[in-house]
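Asker: After the structure tokens below, expect a handful of questions from me.
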Amino acid sequence: MTLSSMTGFARGHGVSGSYAWAWELKSVNAKGLDLRLRLPAGWDAVEIPVRTRAAEILTRGTVYATLTVERQGVAPVVRINEAVLTAALATIRSLAGRIEAAPPRLDGILALKGVVEVIDEDEKEEDRRAAEAAVVSGFGQTVADLAAMRAHEGAALSEILQARIKEIAALAARADAAPGRRAEAVKARIAEQVALLLEASGRFDPDRLHQEAILIASKADIREELDRLTAHVAQVTRLIGQGGSIGRRLDFLAQELNREANTLCAKSNDVELTNIGLELKSVVEQFREQVQNLE
């Protein structure tokens, strides 16, 4: 299975009888799946099957779906609205004896708003149901096209994520091999600090300082952080290879990678290790930003 981005765009259109329809879909990042539909008046019947189809294909993302429908090749029918015409004529007659004016002309009466209505031919029930089925089917194809575009972008994201995770693994290896974390280097630094303290004051107990030095050395050890970084890198690599909807799991692992990088920086008492830790934090943040786009 490949990875998929949560961003994409697709458009589909078709004709069913006298109905011409078009779908336009665009998706952006979101924690879950949120389909936001804009349907023409009177087309609510397609909402439930459309939502069902979207959930079958997509897992995450806010999807904006707009449907437009037009009837083509349908002869217009001109109809007189009798109620409006009757009311207009009654008003004209009531004003006839009160104001001096020329008698109303037919074209003037017909020009009154609402007197003449231009409507399409009455649609048949079976034609409407066929059009609704075509619209739902068309949505299925359009959302599949959207998923294909998201998968194409996901393939590019996969390469970026793999590059970032390799950088993280390389930095962890550099930290592991850094001369500053060797036992003799740590011992030398602590011995130097203890010597400075003893020179500054004769009131320090050498045995007590020795115990404190051992405690400091154990706290400064980053072996545990490096082991966890290695484990997280292996899990990320496995998930990317597995593919599918892994965005949330990778986001959690990105947080864990960042936690280990922060701890490494906090425990480091060596310039090289500190620099590696800061570089590690930067790469982990780049990894996390890309993960936010994954389904």
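The values are calculated or read from the model by the stated rules, or taken from the named source; none is laboratory data. Just so it is clear, the model here is predicted, and its values are computed rather than measured. For neighbour counting, all protein chains shown are included, and Cβ atoms are generated from backbone atoms with ideal geometry for every residue, glycine included. SASA here: full protein model, heavy atoms, side chains in, ligands and nucleic acids out. Shrake-Rupley method; radii C 1.70, N 1.55, O 1.52, S 1.80 Å.
Asker: Quick one: which residues, 5+ away or cross-chain, put their amide H under 5 Å from the amide H of Y19? H built at 1.01 Å from N.
Answerer: When sequence neighbours closer than 5 places are left aside, the close amide H contacts are Q72.
Asker: Determine ³J(HN,Hα), in whole Hz, for all residues of the range 231-241 in sequence, where each value follows from phi through the Karplus function 6.51 cos²θ - 1.76 cosθ + 1.60 and θ = phi - 60°; x replaces Gly and Pro.
Answerer: 5, 5, 4, 5, 5, 4, 4, 5, 5, 5, x
Asker: Let me know the volume per residue of the alpha-carbon convex hull for the range 1-158, in Å³.
Answerer: It is 168 Å³ per residue.
Asker: For L33, what residues show an amide H to amide H distance below 5 Å, using hydrogens built from the backbone and excluding near sequence neighbours?
Answerer: Amide H neighbours of L33: G61.
Asker: Work out from phi, with θ = phi - 60° and the Karplus expression 6.51 cos²θ - 1.76 cosθ + 1.60, the ³J(HN,Hα) of each residue of the range 278-295, listed in order in whole Hz, and give x for Gly and Pro.
Answerer: 5, 5, 4, 4, 5, 5, 4, 5, 4, 4, 4, 4, 5, 4, 4, 8, 7, 5
Asker: Mind ranking 53-64, 231-242 by how tightly packed they are, going by the mean number of other C-beta atoms within 10 angstrom, highest first?
Answerer: Top of the packing list down: 53-64, 231-242.
Asker: Still on this structure, I have one more. Using a 10 Å cut-off on Cβ atoms, rank the peptides 43-51, 107-115 from the highest mean neighbour count down.
Answerer: Details: 43-51: 15.9, 107-115: 11.9.
With the highest mean Cβ count within 10 Å placed first, the list reads 43-51, 107-115.
Asker: What residues have an amide H closer than 5 Å to that of G8, excluding those fewer than 5 places away on the same chain, when H is modeled at 1.01 Å from N in the peptide plane?
Answerer: Sorted by chain and number, the residues that satisfy this are S27.
Asker: State in Å² the accessible area per residue of the range 38-87; use a 1.4 Å probe, count heavy atoms of protein chains only, and round to the nearest integer.
Answerer: On the way: 3060 Å² over 50 residues.
Using a 1.4 Å probe on heavy atoms only, each residue of the range 38-87 averages 61 Å².
Asker: Find how many whole Å separate the alpha carbon centroid of the range 17-43 from the alpha carbon centroid of the range 219-295.
Answerer: First find each Cα centre; the distance between them is then 39 Å.
Asker: In bins 10 Å wide, starting from 0, what share of all Cα pairs of the range 225-295 does each bin hold, as a percent?
Answerer: It works out to 21, 50, 23, 6, 0, in whole percents.
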